[in-house]
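Working notes, structure below.
The values are calculated or read from the model by the stated rules, or taken from the named source; none is laboratory data. Please read all numbers here as calculations on a predicted model, not as lab measurements. Here the Cβ positions follow ideal geometry from the backbone for every residue, glycine too, while neighbour counts run over all protein chains shown.
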Amino acid sequence: MRLRIAGLLAAAFMVLALSAPALAKCGKVSISEMNWDSAAVAAQVEAIILAKGYGCQVELVPGDTVPTVTSMTEKGEPDIAPEIWINSVKEVVDKAVKEGRLKIAGEILSDGGEEAWWVPEYVVKANPELTTLQAIKKRPDLFQDKEEPGKGRFYGCPSGWACQIINANLFKAYGLKEANFTLFDPGSGPGLAGAIAKAYERKQPIFTYYWAPTSVLGKYPMVKVGGMKHDPKTYKCITNKDCADPKPNMYPKSVVMTAVVGKFAEREPDAFKFVSSVSWPNSVVNKLLAWKDDQKADAKETAEHFIKNNEAVWTKWVSADVAAKVKAGM
């Protein structure tokens, strides 16, 4: 009898031991809320799911790329940086990953950060051939520069932006001046966004640089200009204002990652697995940021809107059990 009781007790202890990890609750988790829209919304989305789905005690802390990565590598906090544009801090991150201080959880932007040249969707519908730069170069008349009659206008980047140098070199490399186009400085980021909005309101042609994810590309459907390829061998010159002989090129895909502190990944494996699964395309983020802008919403309100209206996207990141908890918590 004693042997039987002892056996039952041993079995009971074994069951408890095996189920302990499943019963373990998530502890404190800190997330960097970066100071640009897409990253701030991503931080709020992850905060909501971690709190409601995993029971984590979440703290959001203000951040920016360099200071956040520096703090994570040197101080071990915050635990998570949802949206790191890796090219700007690649050497620091690579070193920290090699030393085990950081882990790359995954690519939050599935198609990467995107910089390109664009024309409005309605222009391509009316002129189906205008999907390549080679075709656009033949139509300066369609993209008229009112300040220089007879010439076409390409909207580049504002003075002082790194992309101003790149666009100027690409403009030269592709012979747009010889094709009778001017390179126009919009003066500011809002100036460039306003030019696109104005063209759309009036259904006028515009040929412009822009980037994603942004609310502008969420509001105004644009077609990326083709016939331009990235060449890593000649791109370094393209980024140099003194590039004497720029060659045809294009912006590379910007890899945008989620980074976490190494100790966090060990301490909270379930939370780490979740943030490693978070990934969404620019098309989803663009529309989300457009809603944010139209509604004058903050990042938290935008995250709540996303979770309530995009279950097909975020439920793929979590188990059915966690998804149910998040839905119930909302």
Select from the range 80-101 the residues that are over 20 Å from the mean Cα position of the chain (by Cα) and outside any helix (DSSP H, G or I) and list them in ascending order. 100, 101
For the range 245-299, name all the residues that are over 26 Å from residue 221 (Cβ atoms) and among the aromatic types (Phe, Trp, Tyr). 264, 272, 274
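Could you tell me whether any residue of the range 218-238 is in contact (Cβ under 8 Å) with a residue 12 or more places away in the chain and acidic (Asp, Glu)?
yes
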Would you be able to say whether some residue in the range 211-224 is of a type in the set (D, E, K, R) and in the same structural domain as residue 136 (by TED's automatic domain parsing)? yes
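Table: residues versus (1) surrounded by 18 or more Cβ atoms within 10 Å (Cβ to Cβ); (2) of a type outside the set (Gly, Ala, Ser); (3) assigned to a helix (DSSP H, G or I); (4) without any contact (Cβ under 8 Å) to a residue 60 or more places away in the chain.
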{"site": "40", "(1), (2), (3), (4)": "yes, no, yes, no"}
{"site": "44", "(1), (2), (3), (4)": "yes, yes, yes, no"}
{"site": "53", "(1), (2), (3), (4)": "yes, no, yes, no"}
{"site": "78", "(1), (2), (3), (4)": "yes, yes, no, no"}
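Here is a list: 83, 91, 115, 107. Which entry is farther than 17 Å from residue 253 by Cβ and among the acidic types (Asp, Glu)?
Values: 83 fails: farther than 17 Å from residue 253 by Cβ; 115 fails: farther than 17 Å from residue 253 by Cβ; 107 fails: farther than 17 Å from residue 253 by Cβ.
Selected residue: 91, the only one of 83, 91, 115, 107 that is farther than 17 Å from residue 253 by Cβ and among the acidic types (Asp, Glu).
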Could you please let me know if residue 131 is over 29 Å from residue 261 (Cβ atoms) and either in contact (Cβ under 8 Å) with a residue 24 or more places away in the chain or acidic (Asp, Glu) (or both)? yes
How about the range 122-228: which helices (runs of 4 or more DSSP H) wholly inside it have at least 1 residues that are surrounded by fewer than 16 Cβ atoms within 10 Å (Cβ to Cβ)? 133-136, 162-173, 189-202
